[in-house]
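**Student:** Just passing along the structure, written as structure tokens.
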Amino acid sequence: MPEGRFKSRSMKRVFRKVPGGRTVLHYKRKKPKKAHCAGCGGLLSGVPRENSITMKNMPKTKKRPERPFGGVLCSRCMRTEFKAQAKE
């Protein structure tokens, strides 16, 4: 019987083969959804799909792209934003 903290569906069930030849059930945290653009809602590239603990220990340069609005807007929406600001 699994422990209480593993009974919820927030944990992913993974079957692992142990050296003894048995197959046992391990529990892992599920990964969060991919980051989305605030403008168009498309998927952001360059933003890792990791849980909060892993992201906290990751260097800042690995968390989002090195450009204006990096990690918030996709490159297409960023360009249209700059064009709109230039027109004003």
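**Student:** Taking the range 58-83 as the region of interest, how many residues are assigned to a helix (DSSP H, G or I) and of a type in the set (Asp, Glu)?
**Tutor:** Result for the range 58-83: 1.
**Student:** Mind checking which residues of the range 50-67 are of a type outside the set (Val, Ile, Thr), out of contact with any Lys or Arg (no Cβ under 9 Å at 6 or more places or on another chain) and exposed (fewer than 15 other Cβ atoms within 10 Å of the Cβ)?
**Tutor:** 52, 56, 57, 58, 59, 60, 62, 66, 67, listed by residue number.
**Student:** Scan the range 9-25 and tell me whether some residue there is part of a loop (DSSP other than H, G, I, E, B), among the small types (Gly, Ala, Ser) and within 30 Å of residue 80 (Cβ to Cβ).
**Tutor:** no
**Student:** Scan the range 49-67 residue by residue and report those that are under 22 Å from residue 77 (Cβ atoms) and either modelled with pLDDT of 95 or more or among the polar types (S, T, N, Q) (or both).
**Tutor:** Once the filter is applied, which keeps residues that are under 22 Å from residue 77 (Cβ atoms) and either modelled with pLDDT of 95 or more or among the polar types (S, T, N, Q) (or both), the range 49-67 yields only 61.
**Student:** Restricting to the range 68-87, name every residue that is under 18 Å from residue 34 (Cβ atoms) and surrounded by fewer than 13 Cβ atoms within 10 Å (Cβ to Cβ).
**Tutor:** 76
**Student:** Please list, ordered by first then second residue, the pairs with beta carbon atoms under 6 Å, 6 or more apart or interchain, first in the range 51-67 and over 25 Å from residue 10 (Cβ atoms) and not assigned by TED's automatic domain parsing to the domain that holds residue 11, second small (Gly, Ala, Ser) and surrounded by 11 or more Cβ atoms within 10 Å (Cβ to Cβ).
**Tutor:** Final answer for the pair search is 64/70; 64/71; 65/46.
**Student:** So which of 5, 16 is more than 20 Å from the chain's Cα centre (by Cα), at negative phi and modelled with pLDDT of 95 or more?
**Tutor:** 16
**Student:** Residue 47 passes all but one of (1) loosely packed, with under 12 Cβ neighbours inside 10 Å; (2) closer than 23 Å to residue 30 by Cα; (3) of a type outside the set (Ser, Thr, Tyr); which number fails?
**Tutor:** (1)
**Student:** Exactly one condition in (1) surrounded by 11 or more Cβ atoms within 10 Å (Cβ to Cβ); (2) under 26 Å from residue 9 (Cα atoms); (3) not hydrophobic (A, V, I, L, M, F, W, C) is false for residue 39; which is it?
**Tutor:** It fails just one condition, (2).
The values are calculated or read from the model by the stated rules, or taken from the named source; none is laboratory data. Just so you know, these numbers come straight off a predicted model, no measurement behind them. When we count neighbours, we look across all protein chains shown, and the Cβ atoms used for this are built from the backbone with ideal geometry, even at glycine.
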